[in-house]
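Only one structure is covered here, and it is reproduced in the block below.
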Amino acid sequence: MAYLLRALILLMMLSLIGVTLEAMGLIPVTLGHIQLAIAAFLTCIFIQAFVMFYFIGVSRLVRNIWAVLQEGQGPGMEELFSSPPQDLSPFIKKTKKCLAEATRCQRQTIPWTMLMLTLGTLAFLFGAAHDTGVAEKATHVGLVYGFLAAATIGFFRQWHYLGKAHSLLRKIKGLYRLPDGRM
């Protein structure tokens, strides 16, 4: 899943670069930058939602495993182990590290996602306001540059932490022998 998400955020960045280059008049496209921006920003919204929910899901899985381990004996233990071991301390120690890593991944990416979506929405709305003559072009362009800066920083952060979250999932699923399709 991380590889699919990496491909999607790469597609998002390429589409944003394409819209920017068309808006600057550097590449000729039969559609205007407004039509391209609508498609690119809708794509950006969906891709960022997928990325955000991936990190939330990874963190939630590790948090659920941590909660089962904290309870000790119960119905959740049968889901993690075919026959629960007497000494859970090695599993608790490894799961605590995984929980810290999952939380770090989530905290390092979701704020950038939210900033991208906020600045992108404002840039989009001020673009419409400029098109109707209500707002200055400089306001729209400034918001677009802010959005592109946040998207660039967010892209590299998400790329990095998608790799970390993927490795974390492999580690936690291997530790408890969970099937790949299970989240």
Fill in the blank from the handout: Scanning the range 81-112 for residues that are within 16 Å of TYR176 (Cα to Cα), of a type outside the set (Val, Ile, Thr) and at pLDDT 90 or above gives LYS93, LYS94, LYS96, LYS97, CYS98, LEU99
Practice task
Would you point out which residue out of TYR54, TYR3 is hydroxyl-bearing (Ser, Thr, Tyr), open to solvent by 30 Å² or more (accessible area, probe 1.4 Å) and within 17 Å of PHE156 (Cβ to Cβ)?
Solution key: TYR3
Exercise for the section: Just name the residue that is surrounded by the fewest Cβ atoms within 10 Å (Cβ to Cβ) out of those in the range 137-161 that are more than 15 Å from MET116 (Cβ to Cβ) and aliphatic (A, V, I, L, M). Expected result: ALA138
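Yes/no matrix, rows are residues, columns are (1) within 15 Å of the chain's Cα centre (by Cα); (2) in a loop (DSSP other than H, G, I, E, B); (3) of a type in the set (A, V, I, L, M, F, W, C):
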{"site": "ARG107", "(1), (2), (3)": "yes, no, no"}
{"site": "MET114", "(1), (2), (3)": "yes, no, yes"}
{"site": "ALA128", "(1), (2), (3)": "no, no, yes"}
{"site": "PHE155", "(1), (2), (3)": "yes, no, yes"}
{"site": "LYS173", "(1), (2), (3)": "no, no, no"}
Practice task
Inspect all residues belonging to the range 47-56 and state whether any of them is in contact with a Gly (Cβ under 9 Å, 6 or more places away or on another chain), modelled with pLDDT under 90 and not β-branched (Val, Ile, Thr).
Solution key: no
Exercise for the section: For the range 6-31, name all the residues that are at pLDDT 95 or above, in contact with a Leu (Cβ under 6 Å, 6 or more places away or on another chain) and surrounded by 18 or more Cβ atoms within 10 Å (Cβ to Cβ). Expected result: none
Completion exercise
For the range 98-110, pairs from a residue that is more than 18 Å from ARG170 (Cβ to Cβ) to a residue that is open to solvent by 50 Å² or more (accessible area, probe 1.4 Å), with Cβ under 7 Å and 6 or more apart or across chains, are GLN108/ARG157; THR109/ARG157
Exercise for the section: Evaluate the range 73-83: report whether one residue or more is free of Cβ contacts under 8 Å to residues at least 40 places away in the same chain, in a helix (DSSP H, G or I), on the phi < 0 side of the Ramachandran plot and within 27 Å of the chain's Cα centre (by Cα). Expected result: no
Problem - Qualifying positions in the range 109-136 - open to solvent by less than 60 Å² (accessible area, probe 1.4 Å) and in contact with a Lys or Arg (Cβ under 6 Å, 6 or more places away or on another chain) - result: THR109
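The values are calculated or read from the model by the stated rules, or taken from the named source; none is laboratory data. Being a predicted model, the structure only gives us computed values, none of them experimental. Here Cβ is always computed from backbone atoms with ideal geometry, including for glycine, and neighbour counts include all displayed protein chains. Quick note on the areas: whole protein, heavy atoms, side chains included, nothing else; ligands and nucleic acids left out. Shrake-Rupley method; radii C 1.70, N 1.55, O 1.52, S 1.80 Å.
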